[in-house]
Amino acid sequence: MVTSHERVAEFRRLHESGCFVMPNPWDEGSGRALAGMGFPALATTSSGFAWTTAHADNTIGLDLTLKHLRLIAAAVDVPVNADFQNGFASSPDGVAANVALAVQTGVAGLSIEDFSGDPAHPLLEFGLAADRIRAARAAIDESGTPVVLTARSEGFVWDRPDLDETIRRLQAYAEAGADCLYAPRITSPDQVAAIVAAVAPKPVNLLINAPFTTVAEAASLGVRRISVGGTLARVAWGAFLDAAKEIAEQGTFSQFADLPDVDGLLGPS
């Protein structure tokens, strides 16, 4: 078994050059399958995990999330980045305390977003948002385990598609100690390139949750890291629902052909 220290070191190395894909499993089985395909790192997905518990995204609490992180990190030998949402706290001190707990789960990185929890006013006040990243950085440094800190700005997720404000926030988060910067739901090549240039030399994560680009194209824009969020989980849900709907409505089982050997894929436990 690869040690936690080795995974953190490898995760940091991956961010130094090139472009790598970090897909998002939603449980231990999907994690082991993805790691077995050769992906160099994985990331949890808050939405994909929430759906396995019959809940919507942003409704799972800290304790269940920490348990989930431990299970995913223990299931694979590759580095795991934690979707740690908004840190499960509003204040910088609260974020720091929770980040300290997340670091102990065996993850090699974690992300903190600036979503307020209120869709009507979705972005935290600028100064507070930067202070929260600074607090997360301090908590990681105090832990002695240099997990990679990713700072996310959520404007494009919550219908606040202001590129200038997004860049202003990401630059502030970089100055506050974030190792990697991330603005989910950016899909324009020009906007991606602008963000990469604005926070350079720090790396940028790009979410690809629709077929708007390729790995090669993202790499050509300077993207260092690619994730897919809950999209693989949605693909799985789509296949499951289509097959179940056929059974319920037609009484046929056509989609039960050419299925994977899951036991063979995962191997002995």
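For this structure, a couple of remarks:
- Odd one out for Glu246, checked against (1) closer than 24 Å to Arg134 by Cα; (2) of a type in the set (Asp, Glu); (3) in contact with a Phe, Trp or Tyr (Cβ under 9 Å, 6 or more places away or on another chain): (1)
- Restricting attention to region 3-41, the residues that are in a loop (DSSP other than H, G, I, E, B), closer than 15 Å to Asp179 by Cβ and either touching a strand residue (DSSP E or B) at 6+ places or on another chain (Cβ under 8 Å) or at pLDDT below 95 (or both) add up to 3.
- Members of region 56-71 found to be under 16 Å from the mean Cα position of the chain (by Cα) and of a type in the set (Val, Ile, Thr), listed by number: Ile60, Thr65
- Where helices (runs of 4 or more DSSP H) fall wholly inside region 134-241, the ranges with 3 or more residues that are buried (at least 22 other Cβ atoms within 10 Å of the Cβ) and either within 20 Å of the chain's Cα centre (by Cα) or at pLDDT 95 or above (or both) are 163-175.
- Against the list (1) surrounded by fewer than 20 Cβ atoms within 10 Å (Cβ to Cβ); (2) closer than 22 Å to Gly31 by Cβ; (3) in contact with a helix residue (DSSP H, G or I) (Cβ under 6 Å, 6 or more places away or on another chain); (4) aliphatic (A, V, I, L, M), the condition Leu110 fails is (1).
- Annotation: Ala120 fulfils all but one of (1) under 23 Å from Thr44 (Cβ atoms); (2) at pLDDT below 95; the unmet one is (1).
- Boolean, Asn58 is touching a residue at least 24 places away in the same chain (Cβ under 8 Å), surrounded by 15 or more Cβ atoms within 10 Å (Cβ to Cβ) and in a loop (DSSP other than H, G, I, E, B): no
- Taken across region 80-89, residues that are assigned to a helix (DSSP H, G or I) and either farther than 26 Å from Ala136 by Cα or touching a helix residue (DSSP H, G or I) at 6+ places or on another chain (Cβ under 7 Å) (or both) do not occur at all.
- Test: residue in region 150-157 that is farther than 18 Å from Ala43 by Cβ and in contact (Cβ under 8 Å) with a residue 12 or more places away in the chain: yes
- Condition met for Thr65 (in contact with a strand residue (DSSP E or B) (Cβ under 7 Å, 6 or more places away or on another chain), surrounded by 19 or more Cβ atoms within 10 Å (Cβ to Cβ) and of a type in the set (Ser, Thr, Tyr)): no
The values are calculated or read from the model by the stated rules, or taken from the named source; none is laboratory data. All of these numbers come straight from a predicted model, not from anything done at the bench. So basically every Cβ, Gly included, is an ideal-geometry build from the backbone, and we count neighbours across all protein chains shown.
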